[in-house]
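K.L.:
Dropping the structure in here first, questions after.
The values are calculated or read from the model by the stated rules, or taken from the named source; none is laboratory data. For clarity, every value in this text was computed on a predicted model and none was experimentally measured. Here the Cβ positions follow ideal geometry from the backbone for every residue, glycine too, while neighbour counts run over all protein chains shown. All accessible areas refer to the heavy atoms of the entire protein, side chains included, with ligands and DNA or RNA removed. Shrake-Rupley method; radii C 1.70, N 1.55, O 1.52, S 1.80 Å.
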Amino acid sequence: MKTHLNYLITLLTCCSITGILAQELRLSFSSGLPIAGEHNATYDGVHSLGFNYRRPMNELWVMLLDAAYTHAPYNSNFRLAGGQLLSGVRYLPRAKKMAFYFLLGIEYSKENYAFKFMQHEVHGSFENSNLLLKGGTDFPLFKDPRIHPFVEIIPGKRTMIGFSLSHSLPKKQSNE
Amino acid sequence: MNRLSIISLTTILFQGCQEVNLDSLGEFDIGPLPQEVPAPQENPINEAKIELGRLLFFDPILSANNKVSCASCHSPSKGFSDGLDRSDGFSKGIKTPRNAPTILNAAFNGINLLGEMDPSNSPMFYDNRANSLEEQCMGPLLSSKEMKGPEWTEEEYIPFLEQKVAAIREYRQLFYGAFEDSTVSILKITQAIATYERTLITPNSPFDQFVKGDQHAMTDQQIRGLEAFISAGCNRCHSGPMFSDYKLHILGVDEHPDLANFDKGDGNYAFRTTTLRNLSYTAPYMHNGQLKTLEDVLRFYERKRSEHKDVSSSDLAGKFKDLKMSPFNLSRKDEIIAFLKALDDPNFDQTVPDSVPSGLPLR
């Protein structure tokens, strides 16, 4: 539980900083299906909850900063929990509603496992820091929230497809 | 409404964030091997008997043509198997009908989930037709395709073999040391070889060490593989310390193309669940060596269908058809293979005697 608190504190700190500087701050919830890599063998689904900071650079390009808490709860022997920090850009073509984005960052994750055998119990964990690449599109569902189909790649660990829903937090509304 | 959504999402997320709760886990029916093997009351272990059994095991004197020893098909350098789909038999052109199983840990055959076993009631062979190591040893000795050859009847061959061995002075001395009686009998030969086989155990694989508390004994990938092995349901048949339930199951493995007659196993095409220990040394796999690699075996289990002309899908074992090799878990195969390698333990006696009492060349 201590590890999870550490993730939370880090995440909240990042969010506070980005929140102060944000032109637009969005809360997002995502679900993904690992389709390759080690996590594909272990987890049926990975979820994350995060904050997405956006700062426009010009009419077309927006700078992004993402901080997210991620976890996989569906395996009875394995649990994954981790924090993601990503930065990247988003491109919205003129007169289009669909934008494209690309993010690069790191994921720090901890996986706890436990097994109960005949007369023996084993539990432990492994921790990893990995490069994370994420790309996708986003388009509005009505006016807000927006939906983001994405592909997330952690080399060797997981390739995941999924989608996020993001909702603008009421600090400053998006100009889109 | 927005706040409510955020609170709900956060609750869902953090529900899964605790450590894995051991109390909520089912107990898995696999576990470590004991460090010692029990011997039957009528055949207690002693050092002299182990040495006698070892020399007999490697000595071609036990075959009618003095060319085939137990080690011909159960070579220490090949994990006490021979690396062939079907073994070379008594003479050139004769092949055994089945793949030579490893004899590593065969002394634990029949061990139950609690690590208990009766060495006098210990299933042997792919069709469980023998009930102890001693009885198993008799099989190849009296097989026309293996050591007896086609020209002798059993009644003729047994006294011939006993006389051949008794004619060697060193063996008479060794029998005296082992049994306090220098008389040579086929029963004592099988007892000595069985006693040697009881020393061929591998209870210290990375998996055994992991289960006993050494978290670093298995790699991360192997630990994932262990979970995948259980999730896929492999442990429903490959259970217990030997990763075998010692039951007969119909899997519909394709027939060996060179066999003149179909091998029907127990009569219904059922064969015993084989151990998963030391698989790295014992390819090819299945009762007739038809699957060359572990990848081939896992692909066979993914297909979950009969590949034998005489076995229909309805005949297949229910546990086989129920395997959860999900198409969404593409990487599961790699992880399971990694885990299977955690059941290897190279620390078994791989020594071969420099010579045997008969003076025959080792084969």
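K.L.:
How many partner chain Cβ atoms sit within 10 Å of a residue's Cβ in peptide B:30-37, on average, as a whole number?
P.N.:
Average per residue, whole number: 1.
K.L.:
Give the distance, in whole Å, between the Cα centre of segment B:90-155 and the Cα centre of segment A:112-136.
P.N.:
If you average the Cα positions of each part, the centres end up 42 Å apart.
K.L.:
Then there's this: Could you bin all the Cα-Cα distances of segment A:2-168 into 10 Å bins starting at 0 and give me the percent of pairs in each, rounded to whole numbers?
P.N.:
Final binned percentages: 10, 38, 32, 14, 4, 1, 0.
K.L.:
OK, next. To the nearest 10 Å², what's A:Asp44's accessible area with a 1.4 Å probe?
P.N.:
Its heavy atoms expose roughly 90 Å² to the probe.
K.L.:
A further question on this structure: Mind checking the per residue accessible area of the protein assembly as shown for me, 1.4 Å probe, whole number of Å²?
P.N.:
With all protein chains present, the protein assembly as shown gives 45 Å² per residue.
K.L.:
Along each of the three principal axes of the Cα atoms of chain B, give the extent in whole Å, ordering the values from largest to smallest.
P.N.:
Extents along the principal axes: 96, 45, 31 Å.
K.L.:
Of all DSSP beta bridges located in the protein assembly as shown, what percent are antiparallel, nearest 5?
P.N.:
Close to 95 percent.
K.L.:
Taking a 1.4 Å probe, which of B:Tyr269, B:Tyr176, B:Tyr157 shows the most accessible area, and what order do the others take after it?
P.N.:
B:Tyr176, B:Tyr269, B:Tyr157
K.L.:
Using a 1.4 Å probe and counting only protein heavy atoms, arrange B:Lys319, A:Lys134, B:Lys309, B:Lys333 so the residue with the most accessible area comes first.
P.N.:
The ranking, largest first, comes out as B:Lys309, B:Lys319, B:Lys333, A:Lys134.
K.L.:
Taking the Cα centre of segment B:203-341 as origin, sum charge times position over the Cβ atoms of Lys and Arg (+1) and Asp and Glu (-1), and report the length of that vector in debye to the nearest 20.
P.N.:
Approximately 280 debye in magnitude.
K.L.:
Regarding segment A:101-176, what is the average projected area of its C-alpha convex hull, in nm²?
P.N.:
8.0
K.L.:
Charges at C-beta only: +1 for Lys and Arg, -1 for Asp and Glu. How large is the resulting dipole of segment B:145-217 about its Cα centre, in Debye rounded to 20?
P.N.:
For this selection, approximately 200 debye.
K.L.:
Based solely on C-alpha atoms, express the radius of gyration and the Dmax of the protein assembly as shown in angstrom.
P.N.:
Considering the protein assembly as shown through its Cα atoms, Rg and Dmax are 30.8, 102 Å.
K.L.:
Once amide H atoms are placed 1.01 Å from N in the peptide plane, what residues at a sequence separation of 5 or more from B:Gly240, or on another chain, have their amide H within under 5 Å of its amide H?
P.N.:
When sequence neighbours closer than 5 places are left aside, the close amide H contacts are B:Ile30, B:Gly31.
K.L.:
What is the mean number of Cβ atoms from other protein chains located within 10 Å of the Cβ atom of each residue in peptide B:329-337, rounded to a whole number?
P.N.:
For this peptide, the per-residue mean of nearby foreign Cβ atoms is 4.
K.L.:
Sorted by accessible area (1.4 Å probe), largest first, how do A:Leu131, A:Leu65 line up?
P.N.:
A:Leu131, A:Leu65
K.L.:
First select every other residue whose beta carbon is under 11 angstrom from the beta carbon of B:Ser239; then total the charges, Lys and Arg +1, Asp and Glu -1.
P.N.:
Charge balance near B:Ser239 sits at +1.
K.L.:
Please compute the average number of Cβ atoms from other chains found within 10 Å of each residue's Cβ in peptide B:227-235.
P.N.:
3
K.L.:
What are the residues of segment A:61-75 that lose 30 Å² or more of accessible area, with a 1.4 Å probe, going from their chain alone to all protein chains?
P.N.:
Relative to the lone chain, where solvent access is computed with a 1.4 Å probe, segment A:61-75 loses at least 30 Å² at A:Tyr69, A:His71.
K.L.:
What does the helix-only formula give at 222 nm for the protein assembly as shown: each DSSP H stretch with n ≥ 4 adding -39500 (n - 2.57), the total divided by the residues, and the result rounded to the nearest 500 deg cm²/dmol?
P.N.:
Helix contribution divided over all residues of the protein assembly as shown: -8000 deg cm²/dmol.
K.L.:
I need the peptides B:260-268, B:298-306 ranked by packing, meaning the mean over residues of other C-beta atoms within 10 angstrom, with the highest value on top.
P.N.:
B:298-306, B:260-268
K.L.:
Let me ask another. Let me check against my output: what whole-number percent is the relative contact order of segment B:203-341, with C-alpha pairs under 8 Å and at least 6 apart?
P.N.:
Once divided by the residue count of segment B:203-341, the mean separation gives 34 percent.
K.L.:
Now a separate question. I'd like the distance between the alpha-carbon centres of segment B:191-232 and segment B:68-85, rounded to an integer number of Å.
P.N.:
Here the answer is 22 Å between Cα centres.
K.L.:
Give me the net charge for the shell around A:Ser28: Cβ to Cβ below 14 angstrom, other residues only, Lys and Arg +1, Asp and Glu -1.
P.N.:
Computed value for this residue: 0.
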